[in-house]
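Peer 1: My questions will all concern the structure given below.
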Amino acid sequence: MSLLSRLQEVNKEETMKTTKEVIINRSSDQQSPMSRESEKKVIPSKKTETKKQVRKSETDKHRQLKAQLHKQILQEMKELDDIDSIIPKIDEMAIEIIKEEESFRGTDRKKIVEELINDLTGFGPINPLLLDEEVSEVMVNGPTQVYCERNGKLVLTDVKFRDSDHVMHVIEKIVAPLGRRIDESSPMVDARLPDGSRVNAIIPPLALNGPTITIRKFSEDPFVIDDLIQFGTLTKEMAIFLDACVKARLNMFVSGGTGSGKTTTLNVLSNFIPSDERIVTIEDAAELQLGQDHVVSLESRPPNIEGKGAITIRDLVRNSLRMRPDRVVIGEVRGAEALDMLQAMNTGHDGSLATGHSNSPRDMISRLETMVLMAGVDLPIKAIREQIAGAIDVIIQQSRLKDGTRKITKITEVQGLEGDIIVLQDIFSFEQKGLDENGKVIGSLVPTGVRPKFYERLENSGITIEADVFVAKEEW
Ligand SMILES: Nc1ncnc2c1ncn2[C@@H]1O[C@H](COP(=O)(O)OP(=O)(O)O)[C@@H](O)[C@H]1O
Ligand SMILES: [Mg+2]
């Protein structure tokens, strides 16, 4: 969208906002359920009328000045479509308008200019959060409640939108450049910001709080293994072990809940892959950032508005096998693609890495069984277990603990099938001892003392790990 049309759009909206409170009788077929909602809320109750009226006239002034400023920008910059040269002039224009129009004195000019710039260049009121490096996620639960995750903790911010339409405007701004739309017929949408951040939006009537946005910010500077060690996500010994497992081409699966840090760990593991190998990554929304040069990134595609043209993770897994990969890295396995992945792992595509949603290594196994069944092939359960036991070597369990920290709580070897049962053996495990007075989790990551059965495989690939990596420190 050109700057000019963007300005026109915002201007139109601003003008509407100033008049909306007066015109409550717009014909109903023009109104979305949300704008009706917001209008209802504006009708003041008798008791607080005077106070509210004062506040209202303040906000009216605020809006009027903003609208007028928009208009002026439009007039003066009709030909210009270069946002960078317009922005420095906005404040001057505001000063001019206030000089001319007595009644605008006392309005918060700086705030208006800032809001305007945010609306023009970014995503409105949440822009400061998106620019804040300490913030990793932004959650808009309707116009008046915005949470963010700051340094691993969920906090309520004082960010507010004017009303539901304002939130809708931001959602449209996010999805429109991608050729997607959000409305009653497609009320949920996944999208990505130009910087790579992942966005989900869901609107009424499905979302009862009002239009809801969840943004997981893309970190330009992804975590590396030393960061995770420093955070206490894993120990140095575990890191040495995982590095060896990747180099020895074991098939590894990162399991954990949403936001537990699976993708981050997968990224760190993928970066252990030697740089002379050809890597194919498969994701729903590309998040992985590999340091190697020889990486082919594939991304699945949702169906279009007519419900056609979807390309699933499964389609991509199948295709990737025809691309001569040395390694296949799958962002998240959640359905029928599990079967294709296991088959690939069992037929020479070893060294594959993937993640899945589950609360324990044992649970991950049974979820994989269910996923294979989703592929619609009629395999007996024993055959499925054989596939799983034969394919996967290591499960890394990741958790987000109560205090907000992310930990690898288990590194578990999949040893094989005994009878009908898949045998799992923990190699490392997190032992929680309790909480300190600040609610921080106390505990330690310890080796269980068991050397993995695939130790020989590590040695055969020329990788030596000091035996003390597997020994619990207390026993030294
Ligand atoms: N080990 C970690 N320590 C601290 N924060 C982490 C860690 N791993 C991930 N994060 C942060 O947690 C959020 C979710 O991480 P992500 O890897 O996307 O989780 P998942 O893939 O399990 O949903 C991100 O904002 C990320 O920066
Ligand atoms: Mg993830």
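Peer 1: Specify the angular offset, from 0 to 90 degrees and rounded to the nearest 10, of the alpha carbon long axis of helix 164-175 from the longest principal axis of the alpha carbons in the chain.
Peer 2: Around 50 degrees separate the two axes.
Peer 1: Now for a separate question. Return the sequence-ordered ³J(HN,Hα) values of region 242-256 in whole Hz as given by the Karplus equation 6.51 cos²θ - 1.76 cosθ + 1.60 applied to θ = phi - 60°, using x for Gly and Pro.
Peer 2: 5, 4, 4, 4, 5, 5, 7, 6, 6, 8, 10, 10, 9, 10, x
Peer 1: Taking H as built 1.01 Å from N, whose amide H comes closer than 5 Å to the amide H of residue 424, not counting residues under 5 places away?
Peer 2: 415
Peer 1: Right, next: Step through the residues of region 380-390 one at a time and calculate ³J(HN,Hα) from phi using the Karplus curve (6.51 cos²θ - 1.76 cosθ + 1.60, θ = phi - 60°), rounding each to whole Hz and writing x for Gly and Pro.
Peer 2: x, 4, 5, 5, 5, 5, 4, 4, 5, 5, x
Peer 1: For residue 197, what residues show an amide H to amide H distance below 5 Å, using hydrogens built from the backbone and excluding near sequence neighbours?
Peer 2: 218
Peer 1: By DSSP, what percent of the beta bridges with both residues in the chain are antiparallel, rounded to the nearest 5?
Peer 2: 70
Peer 1: What residues qualify as long-range amide H neighbours of residue 281, i.e. H under 5 Å apart, gap of 5 or more or another chain, H built at 1.01 Å from N?
Peer 2: Amide H to amide H, under 5 Å and 5 or more residues apart or across chains, residue 281 pairs with 296, 297, 298, 329.
Peer 1: Out of region 373-476, which GluC sites (Glu not before Pro) are coil in DSSP terms and have no more than 13 other C-beta atoms within 10 Å?
Peer 2: 437, 466
Peer 1: Another question, then. Provide the gained length on full extension for the span residue 221 to residue 377, in nm with one decimal, where the gain is 0.36 nm per separating residue minus the Cα-Cα distance.
Peer 2: Once the chain is fully extended between residue 221 and residue 377, it gains 52.0 nm.
Peer 1: Compute the acute angle (0 to 90°) between the alpha-carbon long axis of helix 49-76 and the principal axis of greatest extent of the alpha-carbon atoms of the chain; round to the nearest 10°.
Peer 2: Approximately 90 degrees, to the nearest ten.
Peer 1: What whole number of Å gives the distance from the Cα centroid of region 426-476 to the Cα centroid of region 338-405?
Peer 2: 22
Peer 1: Sticking with this one: Would you please report the Å³ per residue occupied by the convex hull of the alpha carbon atoms in region 225-475? Write down the numbers at each step before the final one.
Peer 2: Numbers: hull volume 34.9 nm³, N = 251.
In region 225-475, the Cα convex hull volume per residue is 139 Å³.
Peer 1: How large is ³J(HN,Hα) for each residue in region 214-228, as worked out from phi by the Karplus curve 6.51 cos²θ - 1.76 cosθ + 1.60 (θ = phi - 60°), to whole Hz, x for Gly and Pro?
Peer 2: 10, 10, 9, 6, 7, 9, 5, 10, x, 5, 10, 4, 5, 4, 5
Peer 1: Expressed as an acute angle from 0 to 90° and rounded to the nearest 10, what is the orientation of the C-alpha long axis of helix 337-346 relative to the principal long axis of the chain?
Peer 2: 30
Every read-out reported here was derived from the displayed coordinates using simple, explicitly stated rules and does not represent laboratory data. Just so we're clear, the structure is a prediction, and the values are computed from it rather than from any experiment. Cβ: placed from backbone, ideal geometry, glycine included. Neighbour counts: every protein chain shown.
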